[in-house]
Amino acid sequence: MLHFLLRSPLLRRLALAILAAPLLCPALAGAADIRQYQYHQVFISTCRADPRSDTIRMYWKDANGAPLGNFLRLDAHLRSQGLDMVCATNAGIYDKQLQPLGLYVEAGTQLRRLNTRKNAYGNFYLQPNGVFVLSEHQAYIVETSDYEAELGLWNSVARYATQSGPLLIVDGKINPRFDPDSANTVVRNAACLDAAGVVTLAIARNPISFHDFASFLRDELKCSDALYLDGSISRMYPTLEANMGPAFGAMIAVVKPHSAK
């Protein structure tokens, strides 16, 4: 199995992470770090969490099968499970029925299939797109074509996963499709990973271009890989505007036991 995994750099990292996982010594739980930045004229909120010690999950529907849709309902849903929401943001692009447009896995169950369509309209289809994956104690950002090529492997690894697009950064390089001089600016959010595998959820709370957002994630947050989640509808908890705006599809949240201080 290990020989099979070692065919590509991405799969080598995955193999090493799986083998190392039992040896990790997690830091104290509840160490998620919420910060505010100003990048040029843009205010950016971030929530940094280590999947080895913090609990990062994805949520779509309530116990009755209805989309949660917003942070107020997600908070009530979590409290019913004895959990508090440390931070949260929308988990990617969705359709008019609030269904994720691509792959979605929650608690080990695949609820939406991998979307391998190309050359269609919208940011989701801007190539390359990708998948944000959470295993038990690791996080990965995987190009869709790589996920498809090793579908059985990734499906066995993913406890939670959301597909979106485009990828903003791949192995430290900004997506070459982005124009540094682009005037296309909107509110944007993303999930990114640094070299240590720490996750940052980030949202530009006023308009920013793809290239500038990717530059901030790489140069200021030191992210080596980043996946765009969505645009002008995006929000993050906790911020003043967290509960304003339209309903979401799925959401990503960092949570902790209700009793934790």
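The values are calculated or read from the model by the stated rules, or taken from the named source; none is laboratory data. Since we're looking at a predicted model, the values are computed, not measured. We place every Cβ from the backbone using ideal geometry, glycine too, and count neighbours over all the protein chains shown. For accessibility, only protein heavy atoms count, side chains too; no ligands or nucleic acids. Shrake-Rupley method; radii C 1.70, N 1.55, O 1.52, S 1.80 Å.
Things worth noting here:
- Residue match in region 146-166 (condition: closer than 13 Å to HIS211 by Cβ and of a type outside the set (S, T, N, Q)): yes
- Residue within region 127-136 that is modelled with pLDDT under 95, at negative phi and surrounded by fewer than 19 Cβ atoms within 10 Å (Cβ to Cβ) present: yes
- The combined condition, being open to solvent by 10 Å² or more (accessible area, probe 1.4 Å) and either among the aromatic types (Phe, Trp, Tyr) or touching a His at 6+ places or on another chain (Cβ under 9 Å) (or both), is not fulfilled by SER156.
- Qualifying positions in region 160-174 - in contact (Cβ under 8 Å) with a residue 24 or more places away in the chain and assigned to a strand (DSSP E or B): TYR160, ALA161, THR162, GLN163, SER164, LEU167, LEU168, ILE169, VAL170, ILE174
- Meets criteria (within 24 Å of ALA88 (Cα to Cα) and either among the charged types (D, E, K, R) or surrounded by fewer than 23 Cβ atoms within 10 Å (Cβ to Cβ) (or both)) for ASP194: yes
- Per the conditions (1) at pLDDT below 95; (2) part of a helix (DSSP H, G or I), the sole criterion not satisfied by ALA183 is (2).
- Residue check for LYS222: among the charged types (D, E, K, R) and without any contact (Cβ under 8 Å) to a residue 24 or more places away in the chain: no
- Residue satisfying condition, being charged (D, E, K, R), outside any loop (DSSP other than H, G, I, E, B) and closer than 17 Å to ILE93 by Cβ, within set ARG205, ARG188: ARG188
Residue-wise test of (1) among the polar types (S, T, N, Q); (2) part of a strand (DSSP E or B); (3) more than 20 Å from THR55 (Cβ to Cβ).
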position: SER156; (1), (2), (3): yes, no, yes
position: PRO176; (1), (2), (3): no, no, yes
position: SER224; (1), (2), (3): yes, yes, yes
position: SER232; (1), (2), (3): yes, no, yes
position: GLY245; (1), (2), (3): no, no, yes
position: LYS256; (1), (2), (3): no, yes, no
position: SER259; (1), (2), (3): yes, no, no
